[in-house]
Amino acid sequence: MSQKPKYYITTAIAYTSGKPHIGNTYEIVLADAIARYKRSQGYDVFFQTGTDEHGQKIELKAEEAGVTPKEFVDKIADQIRGIWDLMNTSYDKFIRTTDADHETQVQKIFKKLYDQGDIYKGHYEGMYCTPCESFFTESQLVDGKCPDCGREVLPAKEEAYFFKMSKYADRLIEHIQNHPEFIQPVSRKNEMMNNFLLPGLQDLCVSRTSFKWGIPVDFDPRHVVYVWLDALTNYITGIGYDCEGNCTEQFKKDWPADLHLIGKDIIRFHTIYWPIFLMALDLPLPKQIFGHPWLLQGDGKMSKSRGNVLYADELVDFFGVDAVRYFVLHEMPFENDGVITWELMVERMNSDLANTLGNLVNRTVSMTNKYFDGVVTDRGAAEAVDAELKGVVENTPKVVEAKMNDLRVADAITEIFNLFKRCNKYIDETMPWVLAKDEEKKDRLETVLWNLIESISAGAELLKSFMPSTSEKILAQLNEGHVTDKPEILFQRLDIEEVLKKVEELHPPVNEEEESKEDENVIDIEAKPEITFEQFGAMQFQVGEIIACEEVPKSKKLLCSQVKIGSQVKQIVSGIKAYYKPEEMVGKKVMVLVNLKPAKLAGVLSEGMLLCAEDAEGNLALMTPEKTMPAGAEIC
């Protein structure tokens, strides 16, 4: 008897700073779909998730709440695990970085790396972002803010231990170049290579002394292990790694991980720091790291007073678990960010789930009961129209497998629903209600219904990985040609106005003053000297259309845009890389200061300036015309 091939999949461990919103929850559902699919293919799957519980941010939040850090993380960890369970995710282990066995191994790993000369003691002086738990040099900042989250950074200086990143950089570059599948999507790989590895790595701070909530460095207890060395090692400690050589059989079987599934915002830590730590421990690297995009709110910044913070448990109350699973999986492109709104959820509920799928099953069960008392077999009364349906049924599993192997989960679900749509078309083509009027066509009618039941069942089997409860309900109703007496309504259609009314009742504005304050988002800035009308008139502002855009090589914050202004095209370099992707820029109509004296930025000529607005947190937004205006229109 051949042994099953192993498949070890992990999510990033969720940070215990607060209740995870639906964007955080997306990752665990995505990982679950992949894990379930791999199990269906015969893999011995181990699926690990968990919580990241140390760091200065946790220490501060616990202090604000008037509890100990451990009490604080215990509560949030329970909340996170509750949501993961609510979403019917089939993880095999939920690790916490406060687990005693994990903390012991982290201390051993730190000591091992220190003893072999990869970690040394020094002093750190730089700009520190508390939310990201990260140090940055001045050159790494974007407009003076954190390059990862855009928030304020503060100067910090303290004694610290450092890891010699440059020692392993060339080896990592070679690995990435020789393993094109290692970092996905490709755009993430290019970003890591061009922005971090090729320009040269700085040594990494791996301990802190300015706070206490962390794993102590056992040979120097004034220090706690820096959160990333602590958190990343969960992927090996959770399956029994021991750096003294006493690893478990599970570790020997499951490592290296087949897939680390993470958000694109932490790709640098997983594709640079983590592989280098593993190299230093003389361990093989994970086979693949996928930095998935974000699920964004469709109506702007999340705000409690506006009622647009979406949580999985609230969405489940409205739509049900499988509908939420369907939405987050189906609406997320492979590489670009997805959008979630109440309106879009209702639309998908009504069109895809209630109509395409639910109505299909309902009609098929109802007709089988009506015409054959719930039992049909294949009478062999085939016609040419059957062939296309059967072709789709036979081909869909192959297409789904190809999509899933490429981690294109949204595309895989689309293929399954294309099968259901083809079933609906088959009903329209064969018109069973017409066949039922002719006794001589009874065999044909029974064959049609048999084909439908077989086709829907095939789709339901494929749906198990994505909507497991729905799949079970469909298969139970169809039961291999012996359908249930009465069809179960799978998904109820919803009225968008009623849904929005309930949402408003759930999330009323905190108070008018706060709502007004958030809506206005008022900022006072230091006044500049007055200018005359003639001075203002000397500046030429026009509408430009961005026709091409690319990143400026070796720059962490610059984009280079080709901007069409009238019949001319100007090249303009802007420090907006943290806020816009090059592909997002193309096609935008923007406001341009046209007659700014040309200058070189990072060695690239810039012939103007794109106008932006900046909020109190330093976030930038391009200024665009309210109405459609032609490229070249004067702004006056």
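Some notes on this structure:
- Per residue convex hull volume, Cα atoms of the chain, in Å³: 209
- Annotation: for a label point projected 7 angstrom from Cα along Cα→Cβ of Thr209, residues of segment 121-158 with backbone N closer than 15 Å are 121-126, 156-158.
- The GluC sites (Glu not before Pro) of segment 355-444 that DSSP puts in a loop, and whose beta carbon has at most 15 other beta carbons within 10 Å, are Glu383.
- Against the chain, whose longest principal axis comes from its Cα atoms, helix 442-463 is set at around 20 degrees.
- Summing +1 for each Lys or Arg and -1 for each Asp or Glu among the other residues whose beta-carbon sits under 14 angstrom from that of Ile119 gives 0.
- Contact order normalised by residue count of the chain, Cα under 8 Å, 6+ apart, percent: 12
- Using the Cβ-Cβ distance between Trp433 and Glu480 with R0 set to 22 Å, the FRET efficiency from 1/(1 + (r/R0)^6) comes to roughly 0.40.
- Charge sum, other residues only, whose C-beta stays under 10 Å from Gln288's C-beta, Lys/Arg counted +1 and Asp/Glu -1: -1
- DSSP beta bridges in the chain [antiparallel fraction, %, rounded to 5]: 70
- Summing charges over all other residues whose Cβ lies under 14 Å from the Cβ of Thr470, with Lys and Arg as +1 and Asp and Glu as -1, gives 0.
- Axis of helix 409-430 versus longest Cα principal axis of the chain: the two differ by about 20°, to the nearest ten degrees.
- Gained length - Ala599 relative to Asp92, 0.36 nm times residue gap less alpha-carbon distance: 176.8 nm
- Part-to-part distance (alpha-carbon centres) for segment 556-582 and segment 136-177, which is given in Å: 26
- Given the chain, longest segment not containing exposed loop trypsin sites (Lys or Arg not before Pro) (DSSP; at most 15 other Cβ within 10 Å): 1-150
- When the Cα gyration tensor is reduced to axis lengths a ≥ b ≥ c, the ratio a/c is 1.5 or higher for segment 134-240, and with a/b not above b/c it is classed as oblate.
- 0 to 90° range, to nearest 10: angle between helix 360-372 axis and the chain longest Cα axis: 10
- Length gained when the stretch Leu296-Lys112 is fully extended (0.36 nm per residue, less Cα-Cα span): 62.1 nm
None of the figures in this text is laboratory data; all of them are computed from the coordinates on show. Just so it is clear, the model here is predicted, and its values are computed rather than measured. Glycine gets a Cβ as well: all are built from the backbone with ideal geometry, and neighbour counts include every protein chain shown.
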